[in-house]
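These notes concern the structure reproduced below.
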Amino acid sequence: MLPLPAIQPRAARWAAVALLLPAVAASPGAARAQAPVPLPVPWMGQAYCQDDCRGGFSWQGRNNCGPASLAMVAEANGLRRPADMSRARFVRYVKTLTEGRDDCGATAREELDLGAAALGLCVREHAWKTHQIEALTRRCLPVATYLDERTMPWRYNPSFYAGGDHIVVTTGFTGNRVTINDPLEARGGRRSCSPRPPDHENAVVGVAHSSYARADFDAAAYLADLGWWGKAYGDALGGCDVPPCNAAPAPAAPPGRLPFTKLTFRMSSHCPDREVRVYYVTTMTLADGAFHEQFSKSKTIENDGLFRTYTISFDGDTSRLYWQGKLRKLRIDPSQVRGCLVAFSWIGVHDAEGRTAKSWTFPAGTGGGYWWAKDTITTQPLGPIWAMHTTSNDPWIENDYVDVDLGR
C-alpha cells in the first residue's frame, strides 16, 4: 500500500438559520445556508496508459470509474495525493483499496464502501431515486451514481463507453439540468501510449461538472443494473448544516485517545424555555434501563428561533462515574411548554478534539437513525431539519439504539 496523508479536518461553517414555520415570526435577515451548484469536486480521470484487459498496453482498457470517482470525492474532502504521485498512480492505489487488487474487474457497490472506508471517507446514505440523489447534493454531499452507458447521451467521446454501467460523481441539480464529474470524459490531451509515458501517466484533460438534461440522467440511473443507485460519501462541501464525519476514530478509544465525553446538537426553539435537559443510559447507570433525573445534564439555550449549536460536557463528578462504558440511550427534553415550536438539525457524540463517535442528521420532516418524538407532531420544515410542534408539557426526543463505546 502507498502511504497517504491523513484527511485534515476542515473548519465547520454553520450558518444561522431561522425556523420559518406557519404562524411564527422569524427574525429578519436570517438566511439558510444553500448548497453551491455544482459542489466543489475536482475532476479526475479513470483513463491512463495501462495493461489492457483485452491484451497489450493502451490508454483505456480497465474498469476504473468507481476508484476514480472515489478519488475525486477524497480530494474534495481534503485527502490530497502526495505531490510526487501522479493521477494514474493515485487511481491505481484507490482501485487496490476498493477491490483488493489493480485488475480488470468492475466495482461493486460493497467494494465502493470498502474503498471509501480505507480512504477515511465516511459512508453517508443510499439514494434510490433521482430526487433522493438531488436531496443529498442539496445537503452539500456529492453522490457516486451508477448510470446505464447505453442510455446516457454522452456528449464527449461516446465511443469510449463499453455498454454496461458507469460510475460518475453527481455534483448538483439546477432546474432541468444535472451536473456530473464523469471520470471517462476526456477533452484534449495526448492519448497515445507509445512511447510509454512516465509512471503510466498521460496528458489527457477532463472537465468537472459537465451538464446533462435531468430526464436523460433519470433514465440512465433508472436503467442501470442497480436501478437509481447512488451513494454519498464524506463531509459536506460548501457550507451546509451537516456535521462532519470523516476520520472518525474507532468506537473504543485506544491508549492515548480522549474519551467521548461531549454531546453536541444544533437546534432552534420558539418555546419560552431557556433550558434543554439531556438524559442518558449507559452500562453503568441503573439496571432498569430507564432515564433518571440523576443521570442528566441541562444546557442554557437561546429561544429566538435561530439555529445554534450547543455542547454539553459529561466530565463532572457524576458523569465520571456513570458516563462510561457503553452509551445505550439518549433523550433530549427541549421544552416543558405545550404549543410551541422546536427543531433539530443534527446531534453528535464526540471527544474534546472533535473526533466523532456517532452522529445523526435529520432530513426534512422526519426523525433519523432511530430517533423518535414523544408528544410532538411534525410541522412544515425548512431544509434538512426535524421540526416539531409540542402537544404536552413534557415532550422529548429519544434514541434507544445509540450503541457507542465511550472509551472510558
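Residues that are touching a helix residue (DSSP H, G or I) at 6+ places or on another chain (Cβ under 7 Å) and part of a helix (DSSP H, G or I) within segment 103-148 comprise Glu111, Leu112, Leu114, Gly115, Ala116, Ala118, Leu119, Thr130, listed in sequence order. Under the condition of being buried (at least 22 other Cβ atoms within 10 Å of the Cβ), at pLDDT 80 or above and out of contact with any Ser or Thr (no Cβ under 8 Å at 6 or more places or on another chain), the residues counted in segment 53-75 number 7. Only one of the numbered conditions (1) closer than 21 Å to Glu99 by Cβ; (2) assigned by TED's automatic domain parsing to the domain that holds Pro142; (3) of a type in the set (A, V, I, L, M, F, W, C) is violated by Ala83, and that is (1).
Here Thr151 clears all of (1) of a type in the set (Val, Ile, Thr); (2) closer than 13 Å to Val37 by Cα; (3) in a loop (DSSP other than H, G, I, E, B) except the condition numbered (2). When the test is whether a residue is over 17 Å from Arg87 (Cβ atoms) and assigned to a strand (DSSP E or B), Thr170 passes it. Could you grab the pairs with beta carbons closer than 8 Å, sequence gap of 6+ or different chains, first residue in segment 354-369 and in a strand (DSSP E or B) and at pLDDT 75 or above, second one surrounded by 20 or more Cβ atoms within 10 Å (Cβ to Cβ) and of a type in the set (S, T, N, Q)? Cβ pairs passing all conditions: Trp360/Asn399; Thr361/Ser345.
Condition check for Ser69 on (1) farther than 21 Å from Arg196 by Cβ; (2) outside any helix (DSSP H, G or I); (3) touching a residue at least 60 places away in the same chain (Cβ under 8 Å): one failure, at (2).
Yes/no per residue for (1) crowded, with 19+ Cβ neighbours inside 10 Å; (2) outside any loop (DSSP other than H, G, I, E, B); (3) in contact with a Lys or Arg (Cβ under 7 Å, 6 or more places away or on another chain); (4) among the small types (Gly, Ala, Ser):
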| site | (1), (2), (3), (4) |
| --- | --- |
| Gly189 | no, no, no, yes |
| Asp199 | no, yes, yes, no |
| Ala208 | yes, no, no, yes |
| Ala219 | no, yes, no, yes |
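The conditions of being in a loop (DSSP other than H, G, I, E, B) and not β-branched (Val, Ile, Thr) are not met by Ser159. For segment 295-323, the candidate set comprises residues that are among the β-branched types (Val, Ile, Thr) and outside any strand (DSSP E or B); within that set, the residue that is modelled with the lowest pLDDT is Thr318.
Annotation note: Cβ proximity below 6 Å between a residue of segment 260-280 that is more than 20 Å from Ala387 (Cβ to Cβ) and a residue that is charged (D, E, K, R) and in a loop (DSSP other than H, G, I, E, B) (sequence gap 6+ or interchain) occurs for Phe260/Asp351; Thr261/Asp315.
The values are calculated or read from the model by the stated rules, or taken from the named source; none is laboratory data. Keep in mind the model is a prediction, meaning the values are calculated, not measured. Glycine gets a Cβ as well: all are built from the backbone with ideal geometry, and neighbour counts include every protein chain shown.
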